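Below is one structure; the comments refer to it alone.
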Amino acid sequence: MDPAIVVRDLRVSRGGVEVLHGLTFAVPRGQVTGLLGPSGCGKTTLMRAIVGVQVVGDGEVTVLGEPAGSAGLRRRIGYSTQSPAVYRDLTVLENLRYFAAVLGAPKDDPERVLAEVGLADAAHQLASTLSGGQLGRAGLAVALLGRPEVLVLDEPTVGLDPVLRQELWTLFHRLAEGGVTILVSSHVMDEAARCERLIVLREGEILADDTPDGLRAHTRTTDLEEAFLRLIEERAAA
Amino acid sequence: MSLRITLATTRRIVTQLRHDRRTVALMVLVPTLVMILLYYVMDDERAFGRWAPILLCVFPFLVMFLITSIATLRERTSGTLERLMAMPLGRLDLLLGYGLAFGLAACVQVALALAVSLTWLGLDLPGPLWPLVLVALLNALLGTALGLLCSAFARTEFQAVQFMPIVMIPQILLGGILVPRAQMATLLEWISNVLPMSYAIEAMAHAVADTDPGGEFWRDVVVVAGSAVLALLLGAATLRRRTS
């Protein structure tokens, strides 16, 4: 089966500085792929390029066989940004109803996604009164509207307690089993173990593109945090 | 562009306004209160009759300009615009959604100011009411369109509100309110000729004074409407699917 996302020689500059230096990789369908790396390594820029909202310098990004940003993809990709892009002066449900209308999603979709992210109790709360974690889940809920085939999620679990984090990862895996391709970024290494595939990014370059087990075997360590350090040492030595 | 998405956007913006009652109260009441103040300051029916239409011209423009530029700036900075640009929403859906929502708000604003002026304050119209309402609404639309356009050049809300005097004061100074346009220096008259507010004020003067607004009124209306459409299209050009 063709990969869901194919990136070839992707170069992106922001503010005159090149932040992605010719990335090439593929994201397989129906899996949870983790995009890992420290803050400022280019994760968000890469995700924006995949969603098609980033001005790209050079290279190709293909999603579901179409160039990233094509009009046909706008219903097929769900995207949640790091700072939750919801209207703070609307309730959670009003936000979801609006975005569902824009996507042409079924009428009962807002209630469905609210239940999926565990936010049903806050449906009638103004977004401005939500906690950081709740706000993040509201943003995630918007991305789930209309059952997109690809989900691009920028740090969706930041600031959540371990129980909620566990619940969201269970949700991601359930969606992936149903055929949804998920690309999820994180700067926390312990989340890497929950992914089926890992892309490790540092300073705009790919350090590793492997399964968690493959990465552990390659770096001869069981700890992924340690593996990351060894990858950096390896790169420095090369 | 899709009617369904445009109307959903209008409904969303009206809902946002509903949650912000203080803004709605200010928007609806301030023009009327200023009208009442003007009446007592002038203390003269004829002078009030000359100034009232100018206020009815300036207020819908001013308020809609401010509200739209802040609202769209928020949309740009909060990430909701980026989210919408990644969805099947046309740029005109968003702009017309704003235009419709704030046009509705302008209707309420103008209706109250007019009702109070025509009854309590005794503003006298020799002709029909509709030309006046038409010009006031076109002005609101023009304000919305220019607000959208200017918000693209502001990074913060502080900058956005500073655009208000830049856009507003020259148009008032050169609009023929203080000095008739024909008496201005040639250069200033040329500038005045390309500012939409000059035509709006002229149209409003016709709407208030004529029993049957004719050719010149319609020419002015077409110029104001054309300027609003032009500003809306320029505003659409500032909304980018991809940003750096």
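The values are calculated or read from the model by the stated rules, or taken from the named source; none is laboratory data. Nothing here was measured: the structure is a model prediction, and the numbers come from that model. As a convention, Cβ positions derive from the backbone with ideal geometry for all residues, glycine included, and neighbour counts pool all protein chains shown. These area figures cover heavy atoms from the full protein model, side chains too; ligands, DNA and RNA do not enter into them. Shrake-Rupley method; radii C 1.70, N 1.55, O 1.52, S 1.80 Å.
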Next item on the list: Select, from B:104, B:125, the only residue that is at pLDDT below 90 and either within 18 Å of the chain's Cα centre (by Cα) or surrounded by 23 or more Cβ atoms within 10 Å (Cβ to Cβ) (or both).
Entry: B:104
Check: Is it true that some residue in the range B:84-97 is farther than 30 Å from residue A:104 by Cα, open to solvent by 20 Å² or more (accessible area, probe 1.4 Å), out of contact with any Cys (no Cβ under 8 Å at 6 or more places or on another chain) and not polar (S, T, N, Q)?
Finding: no
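Table: residues versus (1) closer than 23 Å to residue B:94 by Cβ; (2) not small (Gly, Ala, Ser).
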site: A:19; (1), (2): no, yes
site: A:28; (1), (2): no, yes
site: A:37; (1), (2): no, no
site: A:46; (1), (2): no, yes
site: A:69; (1), (2): yes, no
site: A:72; (1), (2): yes, no
site: A:94; (1), (2): yes, yes
Note to self: Can you say whether residue B:235 is on the phi > 0 side of the Ramachandran plot, in contact (Cβ under 8 Å) with a residue 12 or more places away in the chain and either open to solvent by 70 Å² or more (accessible area, probe 1.4 Å) or not hydrophobic (A, V, I, L, M, F, W, C) (or both), as far as the supplied structure shows?
What the structure shows: no
Margin query: Just to be sure I understand, how many residues within the range A:81-113 are touching a helix residue (DSSP H, G or I) at 6+ places or on another chain (Cβ under 7 Å) and more than 28 Å from residue B:73 (Cα to Cα)?
Written below: 2
Item checked: Residue check for residue A:190: over 24 Å from residue A:20 (Cα atoms), open to solvent by 60 Å² or more (accessible area, probe 1.4 Å) and at pLDDT 85 or above -> no
Next item on the list: Please enumerate the residues belonging to the range A:142-154 that are part of a helix (DSSP H, G or I) and within 13 Å of the chain's Cα centre (by Cα).
Entry: A:143, A:144
Item checked: Count - residues of the range B:81-135 that are acidic (Asp, Glu) and more than 14 Å from every other protein chain (Cβ to nearest Cβ) -> 1
Item checked: Residues (within 9 Å of chain A (Cβ to nearest Cβ), charged (D, E, K, R) and free of Cβ contacts under 8 Å to residues at least 12 places away in the same chain) located in the range B:12-29 -> B:20
Next item on the list: Name the single residue, out of those in the range B:218-244 being under 27 Å from residue A:67 (Cα atoms) and β-branched (Val, Ile, Thr), that is farthest from the other protein chains (Cβ to nearest Cβ).
Entry: B:238
Next item on the list: Specify which of the listed residues (A:221, A:211, A:157, A:129) is at pLDDT below 90 and either acidic (Asp, Glu) or more than 17 Å from residue A:80 (Cβ to Cβ) (or both).
Entry: A:221
Next item on the list: Inspect the range B:73-81 for any residue being buried (at least 18 other Cβ atoms within 10 Å of the Cβ), under 19 Å from residue B:30 (Cα atoms) and among the polar types (S, T, N, Q) and give the result as yes or no.
Entry: no
Next item on the list: From the list B:141, B:195, pick out the single residue that is over 15 Å from residue B:55 (Cα atoms), open to solvent by 50 Å² or more (accessible area, probe 1.4 Å) and either of a type in the set (A, V, I, L, M) or in contact (Cβ under 8 Å) with a residue 12 or more places away in the chain (or both).
Entry: B:141
Next item on the list: Could you please let me know if residue B:155 is open to solvent by 60 Å² or more (accessible area, probe 1.4 Å), of a type in the set (Lys, Arg) and part of a loop (DSSP other than H, G, I, E, B)?
Entry: yes
